[in-house]
Amino acid sequence: RDMPEAEQRLQSIHQRHRDSPFVRFITATALADVAQARGRITEARRRLRDYMSELEQEGSPKQYLLAAAALARTEARYRSREAAAVALASATARVLLSSLEPLDRPYTELVGAYAMAGKLDQARRLLREYDSLIPAGIRRTRPVDHGARGALEQALGHEEEALRSFRA
């Protein structure tokens, strides 16, 4: 309800904690979410792209891919699946997953974004790679794992399986 105040507080936190990649990611994506909630989709997209540019200049590949996944989800929701696929292709051409240690790769976020972009083969491939490289004990501790699986099941039209994944 008080979106301008929320936006102002998020911007303040974002500026104060520039040395924390986690806080910067949370506030950058939250600022984009606030813009979306206010119907300012172009602003949301700009915010995410600006943040990605900062990350690219800083050499923060994992955060860059996380932001790209957020941008792709925004594109899929408000623009088109094709725009989402382009955003993902551009990001993964700039930052190869293989350049990151397996545990640092944002598999689940990318799986969800590829599913929303309608790139189901790519989503499945990444999910198989994730399942083969990341130990089951670690996968169970990551709540986004269930969301990624649910997004893929939903994109495949498997509503019951999607609900089970989202509820897990």
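How high is the relative contact order of segment 88-167, in percent, with contacts defined as C-alpha pairs under 8 Å that are six or more residues apart? Walk me through the numbers on the way to the answer.
On the way: 74 pairs, mean separation 23.3, N = 80.
For segment 88-167, the relative contact order is 29 percent.
Compute the distance in nm between two label points, each set 7 Å from the Cα along the Cα-to-Cβ direction, one at ARG140 and one at ARG46.
4.7 nm
Would you calculate, for the chain, the mean residue ellipticity at 222 nm contributed by helices, counting each DSSP H stretch of 4 or more residues as -39,500 (n - 2.57) and dividing by all residues, to the nearest 500? Intermediate values should be presented prior to the final figure.
Working: 10 runs with 131 residues, N = 168.
-25000 deg cm²/dmol, from helical runs alone.
Looking at the square roots a ≥ b ≥ c of the eigenvalues of the Cα gyration tensor of segment 32-95, which shape do they give, rounded for a/c under 1.5, prolate if a/b is larger than b/c, or oblate? Present the calculation step by step, with values, prior to reporting the outcome.
Numbers: a/c = 2.63, a/b = 1.37, b/c = 1.92.
Judged from the Cα gyration tensor, segment 32-95 comes out oblate (a/c at least 1.5, b/c at or above a/b).
When only C-alpha pairs under 8 Å and at least 6 residues apart count, what is the relative contact order of the chain, in percent? Spell out each step's value before the answer.
On the way: 194 pairs, mean separation 23.7, N = 168.
Relative contact order comes out at 14 percent.
At 1.4 Å probe size, with the rest of the protein present, what percent of the exposed accessible area of the chain is carbon and sulfur atoms? Working shown, then result.
Values: 4670 of 9200 Å².
In the chain, the share of accessible area belonging to carbon and sulfur is 51 percent.
Which whole-Hz couplings ³J(HN,Hα) result when phi for each residue of segment 134-143 is put into the Karplus expression 6.51 cos²θ - 1.76 cosθ + 1.60, θ = phi - 60°, listed in order with x for Gly and Pro?
9, x, 4, x, 6, 4, 5, 8, 9, x
Heavy-atom accessible area per residue, the chain, 1.4 Å probe: how many Å²? Before the final figure, lay out the partial values.
Details: 9200 Å² over 168 residues.
Spelled out: the 1.4 Å probe surface of the chain, per residue, equals 55 Å².
The values are calculated or read from the model by the stated rules, or taken from the named source; none is laboratory data. Given the structure is predicted, the values throughout are model-derived calculations rather than measurements. No Cβ is skipped: glycine too gets one built from the backbone with ideal geometry, and neighbour counts run over all protein chains shown. Surface areas here come from the heavy atoms of the whole protein model, side chains and all, with no ligands, DNA or RNA. Shrake-Rupley method; radii C 1.70, N 1.55, O 1.52, S 1.80 Å.
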